[in-house]
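For reference, the structure discussed in these notes is given below.
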Amino acid sequence: MKNIVIIGAGGFGREVKMLIDQINLVEKKFNLLGFYDDNISIGTQVNGYPVLGGVNDLMIYNNEISVVISIADPKIKFQIHKSLKINSNISFPTLIHPNVLIGTDSVLIGEGCIICASNIITVNISIGNFVILNLFCTTGHDTVIGDYCSFMPSVNISGEVVIEDLVYVGTGAKIINLLKIGNSTIIGAGAVVSKTLPEKCTAVGIPAKPIKFHE
């Protein structure tokens, strides 16, 4: 069993703890040591496990440790990984719930991903590093997802969609086939994306339209 810690002790961090529990019920892979969170005092108990410190404490961690970044915000996720990857003792496993349905034809999934229960990932799909696919998401054929993207529960991605890095998609959003979503774009909850979206925009509505642009 590999020692593992969770960055983020909020709601999603607690759900990731549950995900690790479910993985271990099928095959005992991970020994959870606790959480790291900059906003919660060291020693605080979270669902039976202690907060062990903040992100900076992991930067100087001297033993081999697996780390899962349970932060939905793509930019924060990127910054945390950038800080920690200099520590050669740290590895970033991909966690996949045992009931996830994944096709056997050309599905590639990078490191540090979190794929929650009841996802469906079909065929000829490429998923980058540090991607979160929350509960009940579907990813259709020939889709490409970049690094650090986060998809909240019940997002539906149709086939042949290209999603660039650092994209955030809110709960229940739908992305129609043959579209491209630009780098660092935010898609609001419940949106229906029927046209390609540019980078660094926030898009909402049915159909989804950019309402503002950001850095």
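Candidates ASN124, ASN156, ASN129, ASN177: the one that is closer than 27 Å to SER91 by Cβ and polar (S, T, N, Q) is ASN129. The residue pairs whose first member lies in region 200-215 and is within 14 Å of ILE181 (Cβ to Cβ), whose second member is of a type in the set (Asp, Glu), and whose beta carbons are closer than 7 Å, counting only pairs six or more residues apart or on different chains, are LYS200/GLU215.
Residues in region 60-92 that are surrounded by fewer than 13 Cβ atoms within 10 Å (Cβ to Cβ) and of a type outside the set (Lys, Arg): ILE60, ASN62, ASN63, GLU64, ILE86, SER88.
Do we find a residue being small (Gly, Ala, Ser), surrounded by fewer than 12 Cβ atoms within 10 Å (Cβ to Cβ), part of a loop (DSSP other than H, G, I, E, B) and over 19 Å from the mean Cα position of the chain (by Cα) anywhere in region 32-41?
Taking region 32-41 first, the residues small (Gly, Ala, Ser) are 34, 41.
Those left that are additionally surrounded by fewer than 12 Cβ atoms within 10 Å (Cβ to Cβ): 41.
Add one more test, that the residue is part of a loop (DSSP other than H, G, I, E, B), and what stays is 41.
Still in the list and also over 19 Å from the mean Cα position of the chain (by Cα): 41.
Among the residues of region 32-41, at least one is small (Gly, Ala, Ser), surrounded by fewer than 12 Cβ atoms within 10 Å (Cβ to Cβ), part of a loop (DSSP other than H, G, I, E, B) and over 19 Å from the mean Cα position of the chain (by Cα), which makes the answer yes.
Contact map, region 31-56: residues that are more than 15 Å from VAL67 (Cα to Cα) paired with residues that are open to solvent by 60 Å² or more (accessible area, probe 1.4 Å), Cβ distance under 6 Å, separation 6+ or inter-chain. Pairs shown: ASN47/ARG14. Candidates GLY182, GLY140, GLY172, GLY188: the one that is out of contact with any strand residue (DSSP E or B) (no Cβ under 8 Å at 6 or more places or on another chain), more than 22 Å from PHE92 (Cα to Cα) and modelled with pLDDT of 95 or more is GLY172.
Looking at region 42-56, is at least one residue under 28 Å from ASN124 (Cα atoms) and either touching a Leu at 6+ places or on another chain (Cβ under 9 Å) or surrounded by fewer than 13 Cβ atoms within 10 Å (Cβ to Cβ) (or both)? Can you show your working first?
Taking region 42-56 and keeping what is under 28 Å from ASN124 (Cα atoms), we get none.
Within region 42-56 (the criterion being under 28 Å from ASN124 (Cα atoms) and either touching a Leu at 6+ places or on another chain (Cβ under 9 Å) or surrounded by fewer than 13 Cβ atoms within 10 Å (Cβ to Cβ) (or both)), the answer is no, since none of the residues qualifies.
Considering the conditions (1) under 17 Å from VAL5 (Cβ atoms); (2) in contact with a Gly (Cβ under 6 Å, 6 or more places away or on another chain), LEU95 is excluded by exactly one of them, (2).
Filtering region 1-30 down to residues that are in contact (Cβ under 8 Å) with a residue 40 or more places away in the chain and farther than 17 Å from CYS116 by Cβ, which residue is surrounded by the fewest Cβ atoms within 10 Å (Cβ to Cβ)? Checking each candidate, the answer is LYS2.
In region 107-215, counting only strands (runs of 3 or more DSSP E) that sit wholly within it, the ones holding 3 or more residues that are open to solvent by 10 Å² or more (accessible area, probe 1.4 Å), under 28 Å from GLN22 (Cα atoms) and not charged (D, E, K, R) span 107-109. Between ILE69, ILE60, ILE23, the distinction of being at pLDDT below 95 and not acidic (Asp, Glu) belongs to ILE60 only.
The values are calculated or read from the model by the stated rules, or taken from the named source; none is laboratory data. Small disclaimer: the values here were computed from a predicted structure and weren't measured. Cβ coordinates were reconstructed from backbone atoms using ideal geometry, including for glycine residues, and neighbour counts include every protein chain displayed. Please note that ligands, DNA and RNA were not included when accessible areas were found on the heavy atoms of the full protein model with its side chains. Shrake-Rupley method; radii C 1.70, N 1.55, O 1.52, S 1.80 Å.
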